[in-house]
1. With the Cα gyration tensor of the range 64-126 giving a ≥ b ≥ c as the square roots of its eigenvalues, does the rule (a/c under 1.5 for rounded; else a/b larger than b/c for prolate; else oblate) give rounded, prolate or oblate?
2. Near H56, within a Cβ-to-Cβ distance under 13 Å, what is the net charge of the other residues, with Lys and Arg +1 and Asp and Glu -1?
3. Here are some pairs, K65/K129; K315/K451; K236/K315; which of them have Cα atoms lying more than 29 Å apart in this structure?
4. Pull up the cross-link candidates among the aspartates and glutamates for K478, meaning alpha carbon to alpha carbon under 13 Å and not fewer than 8 places away within one chain.
5. Grab the DSSP H runs of the chain that are 4 residues or longer, score each as -39,500 (n - 2.57), total them, divide by all residues and round the 222 nm result to the nearest 500 deg cm²/dmol.
6. Using only Cα atoms and rounding to the nearest 10 degrees, what angle (0 to 90) does helix 493-509 make with the longest principal axis of the chain?
7. Hey, could you get me the Stokes-Einstein D for the chain, Kirkwood radius over alpha-carbon pairs, 10 °C and 1.306 mPa s, rounded to whole µm² s⁻¹?
8. Based on the Kirkwood radius over alpha-carbon pairs, what value in µm²/s does the Stokes-Einstein equation return for the translational diffusion coefficient of the range 36-194 at 4 °C and 1.567 mPa s?
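The values are calculated or read from the model by the stated rules, or taken from the named source; none is laboratory data. Source: prediction; values computed, not measured. Cβ atoms come from the backbone with ideal geometry, glycine included; neighbour counts cover every protein chain shown. Only protein heavy atoms, including side chains, enter the accessible area calculation; ligands, DNA and RNA are left aside. Shrake-Rupley method; radii C 1.70, N 1.55, O 1.52, S 1.80 Å.
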Amino acid sequence: MKIPLRYLFVFASVLFLVRCKNKQETKSESLPNIIFIMSDDHGYQAISAYGDSLNHTPNIDALAKEGMLFNCAFVNNSLCAPSRAAILTGKYSNMNGIKGNGDEVFDGSQNTFPKLLQQAGYQTAMIGKWHLVSKPTGFDFWNILPGQGDYYNPDFIDSTGTKRAEGYVTDLTTDKAINWLNHRDTSKPFCVLVWNKAPHRDWMSAIKYLHEFDSVKIPVPATFFDDYATRTRAVKEQKMEISKWLAPNYDLKENLGIPKATERLDSNWMGIFGRLTPDEQKAFIAAYTPKNDAFKKARLTGKDLAIWKYERYIKDYLRTIQSVDDNVGRLMDYLKEKGLDKNTIVIYTSDQGFYLGEHGWFDKRFMYEQSFRTPLIVRWPDVIKPESVNNDMVMNLDIGETLLDAAHVTIPADMQGRSMLPIWQGKTPDDWRKYVYYHYYESGGEHNVGKHIGVRSDRYKLIYYYENGDWELYDLQKDPNELNNVYGKPEYKSVRDSMSNELNVQIKKYKDNIPGMDVK
Ligand code: SGN
Ligand code: CA
């Protein structure tokens, strides 16, 4: 039988179109969803999966058990807005324009990973702490806290204006994420950023956790009474010591509702009580008054007083994390209930790490491990082997590129991180980064941490406080607590030279510019 040529042509075309359609469907069906949970100032020491046993975070730990835990995740600049801008753009502060928390407004016309995902057909949402002054771009839906936001009955801003919400901020942020997921267009993959305010200062616990940790003694870390011998000026001049710089009423809640004349009276002060309902205020007073009475009676001084302040600080901080952990659990329950848990990438991280008494400090900013490192845990059962632990040096600015890679979106050439996808698949590329570059830009201010740059390898860390012209070098293998600055030691001359050389390489690589430093 002879089939006319034109029939053969029509048949072949139909076959071709059907194949293409199937291919497309397969591609979009298999595109992963993304839930990107980030907390604010959550040090890895306060996640039980990291093994420091300060607290118990079963839901975050479950992500590590079912996914991959990163022991060496670092930030470009250990401060809120700069880290967020680096995460969104995949670029260092000098390239994305956000160097500090000051008045800089994030330029929302830049490429960001959510915007690129949106252009590729993802449904995108941003909920919680944004802290970049500008209105979010690249999101189908956004609902953010103004500035730092409040713990209790906070305002939330969306495209229609500002509305006060009723409840506790960490629960509300997850409520809003789940509500958005319930109303999304299910024909598209989704990417939702769930960015918590907690555990940021002023550490206001949910009512149900006000008595958590009451009966436990939390010892101060080994370096709590650090005397800063061998360290340079910036370390000695900081204003981050728990013993000196926590405000008695605002941070330590020594007199609830009665600010002292010298106490902060700005809007932050109102964070303590201003937004609480009368019942919530009563619960706070009932929880703190007996402890405060006992404290006043004890008339502590010196080291005992410093230890008391540490305990008050750490317990309030950890209490806020219990709610974060609960809400990670709620999101996971939701995914499981909807059958979305297999092909959804769930990320848990923080905008930076935090000092939990190490070197006597709270806050972040410095390039020492506790704030330079940040927790990072990723669960994606389709790709990541359960109980994986990774020690490669990854960065906050790798996250966006990895997500684009996972979604088969072309990564723009000017992004400065690198996709971690091969690492997630268990195959670290041979040419993975061997050094991490850091640049902190703020100067003076409430914590008085000097500007600095630095480079870290798997063993050494070189820091340059360029306003003072001071250098520090640490041998992390021999001195993991970074107490012993060996910059001037003759036996470290060759390390010093090679790390200085590497610092120059990194400055050039990231197109950075250091005042007074001639980089060849
Ligand atoms: C506030 C805090 C500081 C904190 C910065 C930056 N003071 O100013 O302790 O370092 O935020 O934090 S407070 O008295 O207002 O709480 S960041 O996470 O936003 O970078
Ligand atoms: Ca922060």
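1. In terms of gyration-tensor shape, oblate.
2. -4
3. K315/K451
4. Straight-line reach from K478, under 13 Å: D458.
5. Helix contribution divided over all residues of the chain: -10000 deg cm²/dmol.
6. 50
7. 65
8. Taking Rh from Cα pairs, D becomes 76 µm²/s.
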